[in-house]
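Read through the structure below, which is laid out as structure tokens, and then see the notes.
The values are calculated or read from the model by the stated rules, or taken from the named source; none is laboratory data. Note that the coordinates shown come from a computational prediction; the quantities given were computed from them, not determined experimentally. Neighbour counts run over all protein chains shown; Cβ positions are idealised from the backbone, glycine included.
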Amino acid sequence: MQLGKLAGLQECDVPLRNIFGDALLDLVRENPRVVVLDGDLGNSTKTEYVRQEFPERFFNIGIAESNLVGVGAGMAGAGFYPFIVSFSSFLLCNAYDQIRLAVAMSDIDATIVGSHGGITLGKDGPTQMGIEDLALMGGLPTFTIIVPGDPASMQAAVRAAPNIKGPVFIRSSRVPMPYIYPEKNTPFVVGKANRVREGNDLTIIGCGMMVSAGLDAAAILAKKGIEARVVDLHSLRPLDREEIIAAAEETGAVVCAEEHLLQGGMGSNVARVVAESHPVPMRFVGLADTYVESGDPWELLEKYHLTAADIAQKGEEVVKVKAGA
Amino acid sequence: MDKTDNISIEELAGIAKELRLDILEMTTRAGSGHPSSSWSAVEIVTALYFGGVLRYKPQDPWWDERDRFIMSKGHAAPLLYAALARAGYFDLKELSRLREAGSPVQGHPIRGLMPGVEATTGSLGQGLSLGIGHVLGGRLAGKKFHVFVLLGDGECEAGQIWEAAMSAAHFKTGNLVAILDYNKYQETGPISREIGLEPLVEKWHSFGWNVHEVNGHDLQAVLGILHLAKQLEATGIPQMIIAHTIKGKGVSFVEADFTFHGRALTLEQAELAREEINAAG
């Protein structure tokens, strides 16, 4: 099933990582303070575009993530704005303590990009998959955390990052994501969730590719007479509490969907706001306590219940609970 | 102001004595901290800040051409704070608030909380990478400065140190000077007994560094080797100064007992230490 097809979204055949690479190159062209550091994966993360055009502002620190983060933080101390990029899994899991001290606790202006987030890198298998990155970033209080869900929001996130005070995390992905927003005049404000579909029976809140999947799920539900609101919660910190509270109050049921472990991800953040403001029935789509194996990305999404159909099923369920309450 | 004035070794020794006393008073008042790890590096830091090695402006602490000093062995925070205060970065009275809630002189250094504190350290192994970043940034910006990083010896057990060591040589960081406070003890015992580092000179040399050795308490020698290391910038080779030191230097009963690592002196011990430091030549 092609992502976004049921919802009528415009397909994009360029993987999100390439969109990121192009956006970063544009930023480097415009902003002389931006430097890029990578952990020998520039051909996968697509920082290679910067390397080709601006070799003097690109630093391959090698397969040494701890040093990569430290060197990047040091460059911030010398007046530059570093983008520190690698696979989410390697960067965060190898260099968490370096990110914690040299970036988060130091509260420097810098962006960490975790590429190949989630399970849709597919065939390289679980050692490469960043399924815990959002939980790990949640443990670093000074970070802004952004999970773009379409090409336009990735472009906007990269453009916005150097203007944000303190450190920023952006999740990138190996797979293409359809257009939710127009490339020009994207309604993207860090910390402000976007309501991408109106509806009053429930709200589907997603981030990353699960926004498109949520829109597809809304199309499935609409055929059954259930109108779902869909919210793109692209910023996990700062969290748009108002939009979450509005969802609970106005639709009375919430389904959260993310390409991440259920533990400590987007859904648990949303649940905390709902629980303390306006408790309503909730359901969660994400990875239960499990690692995922190698495989075709779309097969894996089906096997691990991260599809539009899974979201729609949870949606029906939560609407029934709401009606029975 | 540039601290490049000529200063006599006697005057430097006087400053070193003040720093030793500051460390004693700070940690005794706080009731915790790492006095012995601070005392072993007193002459090194004295030479850097007061011997005309570092170029800095206390009134413009983030001057973009300042020489950098990164205290990678963050548990020697009392030494860093005392040196910064005596160099004019902030008032000496701040030192009395070491380790207090709400105080900017935290138990381990936090970048920017006090002027002159370049790096957040205390989880060991991280400072050398930061130093390389400053070198690369300065090079790209066309700024001329040196970067000094003070490493602990036990810290060199951390893998990140060797990641950094390898990349420093690769990036030809001739203006990077690391000083290793080789006091031969880590928290739980003698380094040779716990996780031996030798042959240390050969290790750093094989990672592409120019390696010097010095008695880390001989101010004249320390000053000489720091100035020499600066002059070798044009070689493009990072400079390592292995400073042989004594943990707890200046207080005989602390020198003789490595278990003082993370422990302040009692009030009675502090009185004895104060007398001994003051009596030293």
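Of all residues in region B:197-206, which are touching a strand residue (DSSP E or B) at 6+ places or on another chain (Cβ under 9 Å) and either β-branched (Val, Ile, Thr) or in a loop (DSSP other than H, G, I, E, B) (or both)?
Within region B:197-206, B:LEU197, B:VAL201 qualify.
Do any strands (runs of 3 or more DSSP E) entirely within region A:197-291 hold 1 or more residues that are within 22 Å of A:VAL321 (Cβ to Cβ), and if so, which? Please lay out each step first, then the result.
Values: elements: A:202-206, A:228-232, A:235-237, A:254-261, A:282-287.
So the answer is A:202-206, A:228-232, A:254-261, A:282-287.
Please go through (1) within 8 Å of chain A (Cβ to nearest Cβ); (2) in contact (Cβ under 8 Å) with a residue 12 or more places away in the chain; (3) small (Gly, Ala, Ser) for B:ALA158 and return the number of the only condition it doesn't satisfy.
Exception for B:ALA158: condition (1).
Taking only region B:138-151 into account, find how many residues are assigned to a loop (DSSP other than H, G, I, E, B), more than 8 Å from chain A (Cβ to nearest Cβ) and in contact (Cβ under 8 Å) with a residue 40 or more places away in the chain. Break it down stepwise before answering.
Kept after step one, since they are assigned to a loop (DSSP other than H, G, I, E, B), are these residues of region B:138-151: B:142-146.
Now drop any that are not more than 8 Å from chain A (Cβ to nearest Cβ), which leaves B:142, B:144-146.
Cutting the leftovers down to in contact (Cβ under 8 Å) with a residue 40 or more places away in the chain gives us B:144-146.
Of the residues in that region, 3 qualify.
Of A:GLY125, A:GLY118, A:GLY130, which residue is over 19 Å from the mean Cα position of the chain (by Cα) and either surrounded by 24 or more Cβ atoms within 10 Å (Cβ to Cβ) or away from chain B (no Cβ under 13 Å) (or both)?
On the way: A:GLY118 fails: over 19 Å from the mean Cα position of the chain (by Cα); A:GLY130 fails: over 19 Å from the mean Cα position of the chain (by Cα).
Every option except A:GLY125 fails the conditions.
Among what's in region A:92-114 and is crowded, with 24+ Cβ neighbours inside 10 Å and of a type outside the set (A, V, I, L, M, F, W, C), pick the residue that is nearest to the chain's Cα centre (by Cα).
The selected residue is A:GLY114.
Within region A:217-237, can you find the residues that are in contact with a Ser or Thr (Cβ under 8 Å, 6 or more places away or on another chain) and not aliphatic (A, V, I, L, M)? Outline the logic, then answer.
Just the residues of region A:217-237 that are in contact with a Ser or Thr (Cβ under 8 Å, 6 or more places away or on another chain), to begin with: A:228-232, A:234-235, A:237.
Result: A:ARG229, A:ASP232, A:HIS234, A:SER235, A:ARG237.
Restricted to region B:259-276, and to residues that are at pLDDT below 95 and touching a Ser or Thr at 6+ places or on another chain (Cβ under 8 Å), which residue is surrounded by the most Cβ atoms within 10 Å (Cβ to Cβ)?
In this case the residue turns out to be B:PHE260.
Determine whether region B:51-58 contains at least one residue that is of a type in the set (A, V, I, L, M, F, W, C) and in contact with a strand residue (DSSP E or B) (Cβ under 8 Å, 6 or more places away or on another chain). Give the steps one after another, and end with the answer.
Let us first name the residues in region B:51-58 that are of a type in the set (A, V, I, L, M, F, W, C), namely B:53-54.
Checking which are in contact with a strand residue (DSSP E or B) (Cβ under 8 Å, 6 or more places away or on another chain) leaves us with B:53-54.
There is at least one residue in region B:51-58 that is of a type in the set (A, V, I, L, M, F, W, C) and in contact with a strand residue (DSSP E or B) (Cβ under 8 Å, 6 or more places away or on another chain).
Examine region B:189-205 for a residue that is within 23 Å of B:HIS134 (Cβ to Cβ) and without any contact (Cβ under 8 Å) to a residue 40 or more places away in the chain, and state whether such a residue exists. Give the steps one after another, and end with the answer.
Residues of region B:189-205 that are within 23 Å of B:HIS134 (Cβ to Cβ), as a first pass: B:204.
Remaining after also requiring without any contact (Cβ under 8 Å) to a residue 40 or more places away in the chain: B:204.
Looking for residues that are within 23 Å of B:HIS134 (Cβ to Cβ) and without any contact (Cβ under 8 Å) to a residue 40 or more places away in the chain, one finds at least one in region B:189-205, hence yes.
Looking at region A:64-76, which of its residues are more than 13 Å from A:PRO167 (Cα to Cα) and either at the interface with chain B (Cβ under 7 Å from one of its Cβ atoms) or more than 24 Å from the chain's Cα centre (by Cα) (or both)? Explain how you work it out, then say what you get.
Filtering region A:64-76 down to residues more than 13 Å from A:PRO167 (Cα to Cα) leaves A:64-68, A:70-71, A:74-75.
If the condition is that a residue be more than 13 Å from A:PRO167 (Cα to Cα) and either at the interface with chain B (Cβ under 7 Å from one of its Cβ atoms) or more than 24 Å from the chain's Cα centre (by Cα) (or both), then A:ALA64, A:SER66, A:ASN67, A:GLY70, A:VAL71, A:GLY74, A:MET75 are the ones that fit.
Output the residues belonging to region A:282-321 that are surrounded by fewer than 18 Cβ atoms within 10 Å (Cβ to Cβ) and either outside the structural domain of A:GLY214 (by TED's automatic domain parsing) or among the aliphatic types (A, V, I, L, M) (or both).
A:ALA288, A:ALA309, A:VAL321
Can you tell me which residue in region B:105-137 is nearest to the other protein chains (Cβ to nearest Cβ), limited to those that are of a type in the set (S, T, N, Q) and crowded, with 24+ Cβ neighbours inside 10 Å? Steps first, answer last, please.
We begin by selecting, within region B:105-137, every residue of a type in the set (S, T, N, Q); these are B:106, B:120-121, B:123, B:126, B:129.
Then keep just the ones that are crowded, with 24+ Cβ neighbours inside 10 Å; that gives B:120-121, B:126, B:129.
On the way: B:THR120: 5, B:THR121: 7, B:GLN126: 6, B:SER129: 2 Å.
Checking each candidate, the answer is B:SER129.
Have a look at B:ILE179, B:ILE161, B:ILE242 and point out the one that is among the hydrophobic types (A, V, I, L, M, F, W, C), surrounded by fewer than 24 Cβ atoms within 10 Å (Cβ to Cβ), touching a helix residue (DSSP H, G or I) at 6+ places or on another chain (Cβ under 7 Å) and under 29 Å from B:GLU255 (Cα atoms). Walk me through it before giving the result.
Details: B:ILE179 fails: surrounded by fewer than 24 Cβ atoms within 10 Å (Cβ to Cβ); B:ILE161 fails: surrounded by fewer than 24 Cβ atoms within 10 Å (Cβ to Cβ).
Among B:ILE179, B:ILE161, B:ILE242, only B:ILE242 is among the hydrophobic types (A, V, I, L, M, F, W, C), surrounded by fewer than 24 Cβ atoms within 10 Å (Cβ to Cβ), touching a helix residue (DSSP H, G or I) at 6+ places or on another chain (Cβ under 7 Å) and under 29 Å from B:GLU255 (Cα atoms).
Under 8 Å by Cβ, and 6 or more places apart or on different chains, what pairs join a residue from region A:80-109 that is within 9 Å of chain B (Cβ to nearest Cβ) and within 23 Å of A:LEU27 (Cα to Cα) with one that is of a type in the set (S, T, N, Q) and crowded, with 24+ Cβ neighbours inside 10 Å?
If the second residue must be of a type in the set (S, T, N, Q) and crowded, with 24+ Cβ neighbours inside 10 Å, the pairs left are A:PRO82/A:THR111.
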